[in-house]
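Please treat every number below as a calculation from the coordinates, not as lab data. All values reported here derive from a predicted model rather than from experimental measurement. Note that each Cβ is placed from the backbone with ideal geometry, even for glycine, and that neighbours are counted across all protein chains shown.
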Amino acid sequence: MTDTASSLAADYAAALDWWRDAGVDCDYVDEPTAWLAEPEVEEAPAAPPPRTVARKPASPALERALADKSGAPIGGDKAHWPQTLEAFREYWLSEPSLDDGALRDRVLPSGPAGAPLMVLVGQPEEGDAEALLSGPEGGMLGKIMRAIGLGMDEIYLASCLPRVMPLPDWEDLAARGLGEVTRHHIALAAPKRLIAFGKGAALLSEGADSPVLRTSQIETLIRSGERKKRFWNAWLEFSA
């Protein structure tokens, strides 16, 4: 080693010793250094393409059954429609087309022919079995009748459908003949006046011979004091 190189080495060593004695034993920089490598992210395996299963065509028997119910006329042969209220009650329980062939859980109308008032609702109340409107709606109707001055046994109470139907399409039912059946029912009952509660009853009673007051569903009247007030004002005007 030359004298110059030896002198430089000695100077470097002396400088390092000086900084070490001063407490500086590391090298610092302003920019951060990533000493740890970024973890490798395992890629999720590619999802297999969705399997497509060929849909089996409906059996001819099922297709015929669906075709028979879709848009089928309601009421049966008009030549055999009942001509008395008593016969209509039997028809109400036995005519398959009134509810697409289902005969169970049907609820009969009640009351005398020629009643001072007929009450028509779209369908029975949920849970009705032996009598129509046997739940909260029936309780509300009882209060309305007491305010009007009639007992429940004095009115004729009926529904457009023989049993509960989820979300009925009233326009379709009317077009298929339920409106004619309803008007025939009203004609046999021959009430002095008629209250039609709800959209279904209002639509299907159009063209009835008896004077008709069309108003909200009873369920709506239960929830809304304003609707009760509107109904009562409408009734006072209707019955004047």
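Computed quantities for the displayed model
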| read-out | value |
| --- | --- |
| Backbone HN-Hα couplings from phi across segment 185-197 [Karplus 6.51/-1.76/1.60, Hz, Gly and Pro as x] | 4, 4, 4, 5, 6, 6, x, 6, 9, 9, 10, 9, 8 |
| Rounded to whole Hz, the Karplus (6.51, -1.76, 1.60) HN-Hα couplings of segment 219-225, x for glycine and proline | 4, 5, 5, 4, 7, 10, x |
| Ordering of 99-105, 229-235 by burial proxy (mean other Cβ atoms within 10 Å per residue, highest first) | 229-235, 99-105 |
| Segment 156-240 shape via C-alpha gyration tensor axes, a/c threshold 1.5 | oblate |
| Prolate/oblate/rounded label for segment 67-239 (Cα gyration tensor, a/c 1.5) | prolate |
| Most to least packed among 79-89, 204-214, 183-193 [average Cβ atoms within 10 Å] | 183-193, 204-214, 79-89 |
